[in-house]
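Below is one structure, written out as structure tokens; the observations come after it.
The numbers here are math on the coordinates, done by the rules we state, and not lab data. None of the values given here were measured: they were computed from a predicted structure. Using ideal geometry, Cβ is built from the backbone for each residue, glycine included, and neighbour counts are taken over all protein chains shown.
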Amino acid sequence: MRPIYFIGDSNVMIFSHLSVAAPDCFAVPFIGRSLYCPQLSAADVIDADGRFDERFAQVLAGERLVVSGKDGKQYAPHRLSYASEHALSVGELLGSSTLDLDTLTSPPLVLMVGNLDLAWILAELGPNTDFFLNDPRYDGSVFEERAEVALVPGSLVREMVRSRLARLGTALRTLVDLGFEHVFVHSVTPPTSNDARYYRWRQIVTQASVRSKVVLLLNARLREIAHESGATFLDMWDATAERCVLAAKYVLDGDHFNKAAALLTFERLLNDLANRAPEPTPVTEHPLLSVLGIGQA
């Protein structure tokens, strides 16, 4: 099976070993591999000096998605240039003596962060705080009106969002520059409608209406960053939200979506990959064969 790597916070766990076949488009089924980075927020993925967070770097290295070259630099082993420059054998390149061309194509990476950034922003805003949001996806009429609400400027919340996501573009560009051609950013999950359940998860007093608006702002900024960085934004809001919160049929535990929602993400992913997939290179003509000295007369 061909892996799709879901990297990030606890939302990646639902994709673990989830397999999906699309025989009309791909000869080999796909399987989800969850690379969980405990308590990873978007603000943590990469530091100001351009170094990946230790948790993020460890899961990439653990799957041999990124390795250190002899020169101390980071490389993605699936790249032809890496194999050529370092004169690697098949075993060194793949960790196996078998040449599997699927592993030599750029593996899809799906970054899933934002839930902890949402919690940080909500904690900063405090309880009984609200703001105006002009977004066609937000319908305030579905929520009960609250008395004694302290309004803060929407520009303040937008600046919080921009601050939390400020370095994420650098992380995405680094992955793209390493040679990953299929980098995706998953949207932040629509929030639970249950304030008490959210409190049990995050110990933050907040309201569903405010959570909904902050998630929409986070997703709007994630979309911009993905576009600017050469990545693809997976916007799952419309597919999984109902009345501005996570639809009941997709709720797992009050903070995560369930397998049914994960399958919708997989469907969106495979549709995107099918639209960008190049014609397969015949095995006898694959450029890596000559580099590694395989199958030559």
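Check the straight Cα-Cα distances from Lys249 and name the aspartates and glutamates below 19 Å, setting aside those fewer than 8 residues away within the same chain. Excluding near neighbours in sequence, the set is Asp195, Asp235, Asp238, Glu267. With θ taken as phi - 60° and the Karplus curve 6.51 cos²θ - 1.76 cosθ + 1.60 applied, the whole-hertz 3J(HN,Hα) list for the range 193-209 is 7, 9, 5, 5, 5, 5, 4, 4, 7, 10, 6, 10, 7, 7, 10, 4, 4 Hz, x standing for glycine and proline.
Here the spin labels are modelled as points 7 Å beyond Cα on the Cα-Cβ line, and at Glu148 and Leu263 they lie 4.7 nm apart. Farthest toward the positive end of the dipole of the range 104-159, out of Met112, Leu133, Pro153, is the Cα of Met112, where the dipole comes from beta carbon charges about the Cα centre. Close amide H pairs (under 5 Å, H built 1.01 Å from N) link Ala241 with Ala247, residues at least 5 positions away or on another chain. Legend: calculated FRET efficiency, Lys249 to Ile31, from the Cβ-Cβ distance at R0 = 25 Å, rounded to 0.05, equals 0.55.
Show me the GluC sites (Glu not before Pro) within the range 136-166 that DSSP assigns to loop and that have at most 10 other Cβ atoms within 10 Å of their Cβ. Write out the running numbers ahead of the final one.
Values: sites: Glu144, Glu145, Glu148, Glu159; in loops: Glu144, Glu145, Glu148.
Counting only loop positions with at most 10 other Cβ atoms within 10 Å, the GluC sites (Glu not before Pro) in the range 136-166 are Glu144, Glu145, Glu148.
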